[in-house]
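First the structure, in the form of structure tokens, and then the observations on it.
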Amino acid sequence: MDENSPQRAAEIIAAANSICVSTGAGMSKESGIDTFRGEDGLWSRFNVEELATPEAFQRDAVKVWAWYRDRRRNLLTIQPHVGHRLLAEWETRVPTFNVITQNIDGLHHRAGSQNVIELHGRLDVARCTYCDYSVQGLDDLGEDPACPVCAKRLRPGVVWFGEPLPAGAIESAFASAQSCDVFLLIGTSGVVQPAASLGDAAKSLGARVVEINPNTTELSYLADVSVRATCSEALTAIEEAWRRIES
Ligand code: APR
């Protein structure tokens, strides 16, 4: 980590009236949830075509459910980390503060964030493939759960590749990105649309961009400041610098 980058990021954040945060899988890595890409990512071990598309579910719902049951079971053992908690606290210190996440783990809410837009659904939700029924929670639903209302098949409450995002989510996300004065990009490789376009939308309307990621990404060109560290390290260092600025 360039020792000066947290200070420069804190100066930008401390002066902000409206902050829009965009988080990806790297935000939850230190809580024990694997990222998707990179050599130890989920997609290097699992076949996305067989597990994360509506066609895969059509072909073999039991196989798809088995994978999501494992991830739901794992979520029972997971806690938000200091980075999640700091973002929740910053929400109380900045006039407008929104978190837009591609993560399906619900950790921002669990850390106390209120203004959260979940673009890719939630792992702790199952919904009917036919009627409006849905259930939230991490109880094990069995290998091929059926809807208690219409007996049709239940599916994981997440967005699979090729599926539309939850109604209104992307509109709210772009509205937040286009009205912020600081855009904080945390732990995303910036390769999945439409989330990967939020930074451009913010920058094109004058927002300052701060990136937090140990590695460079497809979106690093947008950054006014890049903090090359894990998000818990970077957010903690920025918090300390911000406190010094305010003291
Ligand atoms: N702190 C911050 N960033 C980290 C950390 C960490 N501790 N560890 C890894 N990263 C960074 C990596 O350098 C990488 O740039 O997090 C990023 C994770 O990238 P991806 O695995 O591609 O995750 P993400 O960008 O969220 O993927 C987007 O793709 O597979 C789909 O639906 C899935 O929501 C997901 C979407």
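Loop-located GluC sites (Glu not before Pro) across segment 28-109 with a Cβ neighbour count of 11 or fewer within 10 Å are GLU39, with loop assigned by DSSP.
When only the Cβ of Lys, Arg, Asp and Glu is charged (+1, +1, -1, -1), the dipole of the chain relative to its Cα centre reaches about 380 debye.
3J(HN,Hα) along segment 232-247: 5, 5, 5, 5, 5, 5, 5, 4, 4, 5, 5, 4, 5, 4, 7, 7 Hz, from the Karplus curve 6.51 cos²θ - 1.76 cosθ + 1.60 with θ = phi - 60°, whole Hz, x for Gly and Pro. Here is the P(r) of segment 110-245: all C-alpha pair distances, binned every 5 Å from 0, give 2, 9, 14, 16, 16, 14, 10, 8, 6, 3, 1, 0 in whole percents.
Would you list SER197, SER31 from fewest to most Cβ contacts within 10 Å? Show your work: numbers first, answer last.
Numbers: SER197 15, SER31 20.
Neighbour counts put them in this order, fewest first: SER197, SER31.
Give the separation of the Cα centroids, segment 145-162 to segment 177-216, in Å. So the two Cα centres are separated by 32 Å.
The amide H of THR35, built 1.01 Å from its N in the peptide plane, has LEU42 as neighbours under 5 Å, considering only residues 5 or more places off or on other chains. Equivalent ellipsoid of the chain: semi-axes from √(5λ) of the C-alpha gyration tensor, largest first, are 34, 18, 17 Å.
Comparing SER204, PRO166, PRO145 along the charge dipole axis of segment 118-207, the residue lying farthest to the positive side is SER204, per the Cβ-charge model.
Residue separation of ASP60 and ASP2 scaled by 0.36 nm, minus their Cα-Cα distance, works out to 16.1 nm of gained length.
Couplings for segment 180-192, taken from phi via the Karplus curve 6.51 cos²θ - 1.76 cosθ + 1.60 with θ = phi - 60°, read 8, 9, 9, 10, 10, 9, 10, x, 10, 7, x, 10, 9 Hz in order; Gly and Pro are left as x. Look at the Cα gyration tensor of segment 112-151: its axes a ≥ b ≥ c give a/c of at least 1.5 with a/b over b/c, and that counts as prolate.
Based on the Kirkwood approach, the hydrodynamic radius assigned to segment 73-169 is 14.9 Å, with every pair of different Cα atoms included. Distant-in-sequence amide contacts of TYR133, defined by a placed amide H-H separation under 5 Å and a gap of 5 or more residues or a different chain, comprise CYS128. Taking H placed 1.01 Å from N in the peptide plane, check which residues at least 5 places from THR217 or on another chain put their amide H under 5 Å from its amide H. Close amide H contacts, sequence-distant or interchain: none at all.
Is there a quick way to get the dipole size of segment 9-66? I mean about its Cα centre, with the Cβ of Lys and Arg at +1 and of Asp and Glu at -1; what is the value in debye to the nearest 20? Working shown, then result.
Values: 5 positive and 9 negative charges, 22 e Å.
In debye, rounded to 20, segment 9-66 gives about 100.
Given a Förster distance of 25 Å, report the FRET efficiency between TRP67 and ALA151 from their Cβ-Cβ distance, rounded to the nearest 0.05. Computed FRET efficiency for TRP67 and ALA151 comes out at 0.60. Per the Cα gyration tensor, segment 1-148 maps to an equivalent ellipsoid with semi-axes of 33, 18, 13 Å, ordered largest to smallest. Let me know the shape class of segment 181-247, please: from the alpha-carbon gyration tensor, a ≥ b ≥ c as square roots of the eigenvalues, rounded when a/c is under 1.5, otherwise prolate if a/b is greater than b/c, or oblate. Oblate, since a/c reaches 1.5 and b/c is not below a/b. By the Cα gyration tensor, segment 1-41 has an equivalent ellipsoid whose semi-axes, rounded to whole angstrom, run 27, 14, 8 from largest to smallest.
Protection proxy ranking, highest mean first, for peptides 158-166, 208-216: 208-216, 158-166, where packing is the per-residue count of other beta-carbon atoms within 10 Å, averaged.
Treating r as the C-beta distance of SER134 and GLU49 and R0 as 25 Å, the FRET efficiency rounds to 0.45.
Bear in mind these aren't lab numbers, they're just calculated from the coordinates by the rules spelled out. Just so we're clear, the structure is a prediction, and the values are computed from it rather than from any experiment. As a convention, Cβ positions derive from the backbone with ideal geometry for all residues, glycine included, and neighbour counts pool all protein chains shown.
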